[in-house]
Amino acid sequence: MIPTFESDRFEPSRETTRSIGKLLFGATGTAFVLGLVTLLPGVDRLLPGTDVSIGALVRAVAALVVAGTLVYTASGLATLVAPTGRGELSRNAASIGYWLSVLAAVLIAHWGLAPLVAGLFGGLLWVYDTAFLLAALGPLLVIAVRLYASLDPAADVFAEKVSKGGT
């Protein structure tokens, strides 16, 4: 479900914040362990009958775990990213946070699955890249639109802060 962020105030509960933190720390730990696994002897060996290494398989699984975690926590991350203020700027910031999380998940999944797909379907890599390009364009477009929509409200806040409310 894609959140609309129509409320004026974002106040995540302690439990929501804790859950998001735990998932993100777990994803970071997974990425760290992946880095350690790539240093192990024999990880670069190919699986029998394929052009896929054990390391590529581990990388794909870890990338899917991290990408899945980002998608799962996107709504909660959006509430944490949003400023505590009210109005359009808060809604845009929350939406940008949400879609940045989704975009990061798409990019991480592409990075993690690339060696596996290359080993299994070498000649069809252009299809793989095109599919991920199309998947990434949606979130990127929403981010661009929300950034554009934030220009006037952000300029108003900036002007108010710099001029200390004076005209």
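The values are calculated or read from the model by the stated rules, or taken from the named source; none is laboratory data. In this text the structure is predicted, and so the values were computed from the model without any measurement. Cβ sites come from the backbone with ideal geometry, for glycine too, and all protein chains shown count toward neighbours. These accessible areas exclude ligands, DNA and RNA; they are computed on the full protein's heavy atoms, side chains included. Shrake-Rupley method; radii C 1.70, N 1.55, O 1.52, S 1.80 Å.
A few remarks follow.
- For the range 100-167, the convex hull drawn through the C-alpha positions has a volume of 85 cubic angstrom per residue.
- The fraction of accessible area contributed by carbon and sulfur in the chain is 70 percent, rounded to a whole number (1.4 Å probe; ligands and nucleic acids excluded).
- Relative contact order of the range 45-140, taken over Cα pairs closer than 8 Å and 6 or more residues apart, is 34 percent.
- Cubic angstrom per residue, convex hull over Cα atoms of the chain: 139 Å³
- Placing unit charges on the Cβ atoms only, positive for Lys and Arg and negative for Asp and Glu, gives the chain a dipole magnitude near 360 debye about its Cα centre.
- For the residues Ala67, Ala135, Ala94, a GNM of the chain with alpha-carbon springs under 10 Å puts the largest fluctuation on Ala135.
- For Ser53, the amide hydrogen comes within under 5 Å of the amide hydrogens of Leu47, counting only partners 5 or more places away or on other chains and with H modelled in the peptide plane.
- Listed residues Tyr98, Tyr72, Tyr128, most fluctuating in the chain (Gaussian network, C-alpha, under 10 Å): Tyr128
- Restriction of the trypsin sites (Lys or Arg not before Pro) in the range 70-167 to DSSP coil positions whose beta-carbon has at most 14 other beta-carbons within 10 angstrom yields Arg86, Lys164.
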